[in-house]
Amino acid sequence: MNTIMSTGLQQRDKAVNWHPYTQMKTADDIIPVIKGKGIYLYDAEGKKYMDVVSSWWVTLHGHSHPHIAQRVFEQLNTLEQVIFAGFTHEPAIQLSENLLELLPDNQEKVFYSDNGSTAVEVALKMCIQYAHNQGKKKTKILAFKNAYHGDTFGAMSVSGKSFWTKPFESMLFEVVFIDTPNAENLENLQNQIKELVDETACFIYEPLVQGAAGMLMYKPEDLSQLMKFCREQGLLLIQDEVFTGFGRTGKLFAADHLTDQPDIMCFSKGLTGGTMPMGITTCSNEIYDAFLSDDKHKTLFHGHSFTANPLACAAALASMELLLNEETQVNIKRITQQHSEFIKELGLHPCVENARQTGTILAFDFKTGQGTSYFNEIGKKLYQEFLQRGIIMRPLGNVIYLVPPYCITAEELEFVYRNISEVLDQFKA
Ligand SMILES: *Cc1c(COP(=O)(O)O)cnc(C)c1O
């Protein structure tokens, strides 16, 4: 019965649904999921999978968490949605208060949207209009090579050029890409920035980990130095914590590893514990004040139908309660510790290159002759092999990574490590 159910869902899906980042012609069978609980997803045939990629890096506390479900349910029966222009509500006020409490102390205002890309769009518009409102025209933006900030046009513009953005290249705005900082290149980067600073509205970056590019990591000390220099030059900083926020780096935010502060920050993904779509852009009062005026033209004319949706706010509040409780904090430390033990062993394997870790994020390159690329065929084979073993891993080309929900137990994590070692041995042979 179950196989029939599964096949039925697959056929119906194929007839109507177009999936993200998927070549529909050559895609492997798409798996209908009927239930999620903790770190497990259950397919229509009753097979369970360990979701160690947190369903595209969003799930923090496991699937269908009862505490979040309860809060959303209560909110749904109280106030499900209200226009956020001219109106407000307790969950949005409380969420802003709670979030700002945890951020660098210069972050003082919260602007709501509904996903990571829109959080980035809002940040970019704030910076460009910040200059405009002061009668300045700043048309360039600075970003890192290999960056990923989302899939809308503005977010694509500030993302590294790749075959993902190729068809749209001529329509993207002007962005200057620089290397991520290290001990050797800092002076060089500073010189490049000096040249551009007068025409540049802002610098946007993923702090510590460039996720979508393949979990590329760089040092907090080097970023702190670069941030300090940019601020001295008067360049606005947008810190995109859409991925790194809410515990992924071992601390609550990547900001907690840094000694300098950004002007603007972006959040999404783990914000609601991965239950509801929501984006947040926070900023300093310096930015906010540049939009205060009797002149209506200086208003930030941006908004989405579901701005500060009360259900998403309730989910975020519930998720942040869970995140801050001691059990979760202990789990984050434990996962970080387990990863750092495993990485020692992993680094010795002949198929492994660049084993690396930032907090709960573990990644390595599977050594192939072809170089690291999203099209790397090995990724597809490894994906299938792990699926067979009941583990959802979604290699980025030949980069294999783990971004588990924090509720994963020590034993479950050991099980994943054991399977990685076995698969590596199998592919070596
Ligand atoms: C995923 C991601 C985004 C885009 O978020 P969406 O919700 O997928 O639009 C932006 N920035 C970073 C760093 C991301 O990892």
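The values are calculated or read from the model by the stated rules, or taken from the named source; none is laboratory data. Note that this is a predicted model, so its numbers are computed, not measured. Counting neighbours? That spans all protein chains shown, and the Cβs are built from the backbone with ideal geometry, glycine included. Just the protein is used for accessible areas: all its heavy atoms, side chains included, with ligands, DNA and RNA removed. Shrake-Rupley method; radii C 1.70, N 1.55, O 1.52, S 1.80 Å.
Roughly how many Å² is the accessible area per residue of the chain, as a whole number, for a 1.4 Å probe? Provide the component values of the computation, followed by the final result.
Working: 20070 Å² over 429 residues.
Per-residue value: 47 Å².
Give the cysteines in the chain for which no other Cys Cβ lies under 4.7 Å away, or write none if there are none.
Among the cysteines of the chain, those whose Cβ sits 4.7 Å or more from every other are CYS230, CYS266, CYS283, CYS313, CYS351, CYS407.
Could you work out the longest stretch of the chain that avoids the chymotrypsin sites (Phe, Trp or Tyr not before Pro) located in DSSP loops with at most 14 other Cβ atoms within 10 Å?
In short, 174-300.
When the Karplus curve 6.51 cos²θ - 1.76 cosθ + 1.60 is applied with θ = phi - 60°, which whole-Hz ³J(HN,Hα) does each residue of segment 310-318 get, with x for Gly and Pro?
x, 5, 5, 4, 4, 5, 5, 4, 5
Can you list the residues, at least 5 places off or on another chain, whose amide H is less than 5 Å from the amide H of VAL176, using H built in the peptide plane?
ILE141, LEU142, ALA143
Given only helices, namely DSSP H runs of n ≥ 4 each adding -39500 (n - 2.57), what is the per-residue ellipticity at 222 nm of the chain, to the nearest 500 deg cm²/dmol?
Computed ellipticity for the chain at 222 nm equals -12000 deg cm²/dmol.
With labels modelled as points extended 7 Å from the Cα through the Cβ direction, what inter-label distance (nm, one decimal) is found for PHE163 paired with GLN81?
Once both label points are built, they end up 3.8 nm from each other.
Quick check: at a probe of 1.4 Å, how many percent of the accessible area of the chain sits on carbon and sulfur atoms?
Of the solvent-accessible surface of the chain, carbon and sulfur hold 53 percent.
Hey, rough spin-label estimate for GLN190 and LYS37, points 7 angstrom out along Cα→Cβ, what's it come to in nanometres?
Placing both labels 7 Å beyond Cα along the Cβ direction yields 5.8 nm.
Do you know the relative contact order of segment 172-229, to the nearest whole percent, from alpha carbon pairs under 8 angstrom that are 6+ apart?
40 percent
Across segment 227-244, in residue order, what do the Karplus-derived ³J(HN,Hα) couplings come to in whole Hz, using 6.51 cos²θ - 1.76 cosθ + 1.60 with θ = phi - 60° and x for Gly and Pro?
Using θ = phi - 60°, the values come out as 4, 4, 4, 4, 5, 4, 7, x, 8, 6, 10, 10, 9, 8, 9, 4, 8, 6 Hz.
May I ask you to give the average projected area over all directions of the convex hull of the Cα atoms of segment 297-429, in nm² rounded to one decimal?
So the Cα hull casts an average projection of 12.3 nm².
So how much slack lies between LYS381 and LEU324, counting 0.36 nm per residue of separation and subtracting their Cα-Cα distance, in nm?
Additional length available on full extension: 16.7 nm.
Let me see the pair-distance distribution of the chain: every alpha carbon pair, 10 Å bin width, integer percents in order.
4, 20, 31, 27, 14, 3, 0, 0
GLU199: net charge of surrounding residues, Cβ under 15 Å, Lys/Arg +1, Asp/Glu -1, itself excluded?
Combined, the nearby Lys, Arg, Asp and Glu give +2.
Could you tell me the calculated FRET efficiency between PHE427 and GLN94, based on Cβ-Cβ distance and R0 = 45 angstrom, to the nearest 0.05?
Efficiency at R0 = 45 Å is approximately 0.35.
Counting only residues 5 or more places away or on other chains, whose amide H sits under 5 Å from the amide H of LEU396 once H atoms are built in the peptide plane?
Placed amide hydrogens put TYR401 under 5 Å from LEU396.
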